[in-house]
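Below is one structure, written out as structure tokens, with a few remarks after it.
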């Protein structure tokens, strides 16, 4: 299947932060359209053209930033000043730069966690939330991720055994975090390869065919360096903090749609139930499928965005 490209009418812009990062941003749709912010997962994955397909190109103004160090943002893969606090400040700078008063926010997996944190920190900026397969960043979420379907047992096996004394995959994660920063080129590449293999197994995908090019190899290293950085620290958030944030969002009556795949092996379905309990006004939709935003989930995302219609000007 050919890789989709960005719509021909999409516009690229670079957002320069005060502390030296340059965020790659794509805009799709008219400036007069209903504005929506798209937050990618990973962490470290970057936005993809397939995300633009969730929106009506005549009705919606979709804004898709690659978060610090991710995708095409620069410096690529850096952990320097790469914190949740900084990511949230970037989103506010982007909103102000574009002259948007409020926007809907759609995020999946890690992006859904970031969307919750953003809506809690900047409540006046968020008109609606659409959250897919939310990752709640708790210790048990990380533990389940590394134990699910043998993926964690695959990760880093035979590369470095120093972390075996830690429970629930924490040792492997600690080793990965360290070596992806200061290891040799070979160590970094081996860890990234193993991590991708484990991730694809968890997602129910076949192993990557063929041999990646050198730029592709380094792209994987940068992606998993960011992912290890945030997972090791549980993003500086933690499950209890996000659930408290969800309760505050619920108390303000923000329209929220929760989408979760019934067979999601990355972000457990229990997360959706916990969020639903914290936000009684939220609409919970179970989708037949796994973690990825494809097939029925992609259709459900488009439907949720259309159903969340709001407009108070930009």
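Readers should treat all values here as calculations from the given coordinates under stated rules, not as data from a laboratory. The shown structure was predicted, so the numbers you read here are calculated from the model rather than taken from an experiment. Virtual Cβ from ideal backbone geometry, glycine too; neighbours counted across all protein chains shown.
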* Degrees, to the nearest 10: 214-232 long Cα axis against longest axis of the chain -> 80 degrees
* Against the longest alpha carbon principal axis of the chain, how many degrees, from 0 to 90 and to the nearest 10, is the axis of helix 170-182 turned? -> 90 degrees
* Taking only C-alpha pairs under 8 Å that are 6+ residues apart, what is the relative contact order of the chain in percent? -> 19 percent
* Structure fact -> Most packed first (mean Cβ within 10 Å per residue), the peptides 41-52, 124-135 order as 124-135, 41-52
* Structure fact -> DSSP beta bridges in the chain: the antiparallel percent, rounded to 5, is 30 percent
* Using alpha-carbon coordinates, inclination of helix 110-121 to the longest axis of the chain, degrees -> 50 degrees
